[in-house]
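Some notes on the structure that comes next.
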Amino acid sequence: MPITSESFRDALRLFPAGVTIVTIKSPAADVVHGLTVSGFASVSPDPPLILVSIDHRASAYPLLEAAGTCFAVNILGQDQMELSNRFAWLKDEDRFAEGEWDTAVTGAPILKDAMAWLDCTVYSRFSVGSHTIYIGEVQASGTPRPEDKPLLYWNRGYRRLVLK
């Protein structure tokens with residue numbers, strides 16, 4: 001019998017993760033959308049593939065399910081905690097009112113001063129449990145701030161990387 005959801009979360013909270021904002025451009029809506037995501041990983045360098053994991057309860061989920069949807073993964077620096085919170089918790093206001101946004105190849109919003117960004121088309125989808133894993137094929141990328149330190153999430157809070 002598998003462990004409880006609570007036990008699972010208690011164990012995984014001890015694994016540090018980088019923080020991203022995933023932005024979405026979908027033909028299913030006239031507006032762009034974005035959300036804070038720590039479920040992100042590299043999959044393959046050839047072809048260049050990444051993955052993001054999105055909860056089925058998230059408002060991003062139906063947008064990502066539409067044909068022709070594209071998305072960008074914006075990797076945040078440790079000075080971008082407030083922007084991460086904005087995309088995690090703000091419901092009724094325009095999340096994109098803060099930050100400097102542009103587009104690359106696909107038209108999905110990219111954060112101009114992210115540490116790095118990856119502009120993707122949906123390569124494949126896998127519904128697994130309460131989430132769907134979206135594999136993105138990277139069409140363009142940028143590294144505006146490669147020397148900055150990343151924003152990290154560990155033990156239910158943001159953390160700063162300290163180099164010795």
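Points worth noting:
- When each of LYS25/LYS149; LYS25/LYS91; LYS25/LYS112 is checked by Cα-Cα distance, pairs over 23 Å: LYS25/LYS149
- Within segment 16-50: backbone nitrogen closer than 19 Å to the ASN155 label point (7 Å, Cα to C-beta): 16-19
- Judged by the mean number of other Cβ atoms found within 10 Å, the most tightly packed of the peptides 132-144, 3-15 leads the ranking 132-144, 3-15.
- The length gained by stretching the chain between SER130 and ARG13 to full extension, at 0.36 nm per residue less their Cα-Cα distance, is 40.3 nm.
- Each 10 Å bin, from zero up to the one with the longest distance, holds this percent of the alpha carbon pairs of the chain: 10, 39, 37, 12, 1.
- Charge tally around VAL52: other residues with Cβ under 14 Å, Lys/Arg +1 each, Asp/Glu -1 each, net -3.
- Amide proton proximity set for CYS120, modelled H, under 5 Å, gap of 5+: PHE71, ALA72, VAL73, GLN139
- Charged-residue dipole, Cβ positions (Lys, Arg, Asp, Glu), segment 19-154 about Cα centre, Debye nearest 20: 340 debye
- Prolate/oblate/rounded call for segment 1-77, Cα gyration tensor, a/c under 1.5 rounded: prolate
- Sparse-neighbourhood loop sites, trypsin sites (Lys or Arg not before Pro) in segment 24-112 - DSSP loop, at most 11 other Cβ within 10 angstrom: ARG57, LYS91
- Sorted peptide list for 121-129, 155-163, criterion being average Cβ within 10 angstrom, highest first: 121-129, 155-163
- CD proxy at 222 nm, helix term only [per DSSP H run n ≥ 4: -39500 (n - 2.57); per residue of the chain; nearest 500]: -3500 deg cm²/dmol
- Local net charge near ALA72, Cβ-Cβ under 13 Å (Lys/Arg +1, Asp/Glu -1): -1
Read the figures in this text as sums done on the coordinates, not as results from a lab. None of the values given here were measured: they were computed from a predicted structure. Note that each Cβ is placed from the backbone with ideal geometry, even for glycine, and that neighbours are counted across all protein chains shown.
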